[in-house]
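Undergrad: Dropping a structure here in structure tokens format, bear with me for questions.
Coordinate-derived values only; no laboratory data. Quick caveat: nothing in here was measured; it's all calculated off a predicted structure. Positions of Cβ are backbone-derived with ideal geometry, glycine not excepted, and every protein chain shown enters the neighbour counts.
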Amino acid sequence: MRWYEHLYVGEKAVASRYRIIQKIRRKAADRQIHVITPASNGNNILDIYSAAEFARPHCQERNPLILGIAADYWEALSVAARIVDEMYRTTGGFSLEEFLRQKDGERLE
């Protein structure tokens with residue numbers, strides 16, 4: 001698994017983000033914690049996984065980029081909405097690849 005440099009973190013997850021990240025890395029996170037990744041298919045923008053589901057081999061095989069973490073499912077929806085909103089405001093569209101390129105380009109300039 002790979003971690004996005006500008007990781008999005010839900011409001012409830014902020015206080016314990018390091019503990020959550022360590023649990024995800026050790027594949028010891030519970031079902032409450034959720035991760036947000038780029039979509040595994042071309043029809044969606046993002047996928048939301050329970051961290052417990054995310055630890056399974058079929059999720060790890062594709063070496064996913066973790067864009068965000070959340071303390072629960074409802075917070076994950078909020079984090080995903082924040083990512084899509086920022087993407088649209090930045091690019092004027094819904095291309096996650098273009099958004100990530102532009103965001104990383106801002107850091108380099």
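Undergrad: Excluding residues fewer than 8 places away in the same chain, name every one of the aspartates and glutamates whose C-alpha is closer than 12 Å to that of Lys103.
TA: Correct list for Lys103: Glu5, Glu86.
Undergrad: Return the sequence-ordered ³J(HN,Hα) values of the range 30-40 in whole Hz as given by the Karplus equation 6.51 cos²θ - 1.76 cosθ + 1.60 applied to θ = phi - 60°, using x for Gly and Pro.
TA: Each residue's phi maps through the Karplus curve to give 8, 5, 5, 6, 10, 10, 10, 10, x, 4, 7 Hz.
Undergrad: On to the next question. Order of Tyr49, Tyr88 from fewest to most other C-beta atoms within 10 Å? Don't skip to the answer; put the middle values down first.
TA: Details: Tyr49 19, Tyr88 12.
Listing Tyr49, Tyr88 from fewest to most nearby Cβ atoms yields Tyr88, Tyr49.
Undergrad: Cα convex hull of the range 38-109: mean projected area in nm², to one decimal? Show your work: numbers first, answer last.
TA: Working: hull surface 21.8 nm².
So the mean shadow area of the Cα hull is 5.5 nm².
Undergrad: Do the sum for the chain: with -39,500 (n - 2.57) for every DSSP H run of n ≥ 4, divided by all residues, what is the mean residue ellipticity at 222 nm, to the nearest 500 deg cm²/dmol? Spell out each step's value before the answer.
TA: Values: 5 runs with 49 residues, N = 109.
Computed mean residue ellipticity for the chain: -13000 deg cm²/dmol.
Undergrad: Quick one: angle between helix 73-91 and the longest Cα principal axis of the chain, in degrees between 0 and 90, rounded to 10, please.
TA: Tilt relative to the chain: about 20 degrees.
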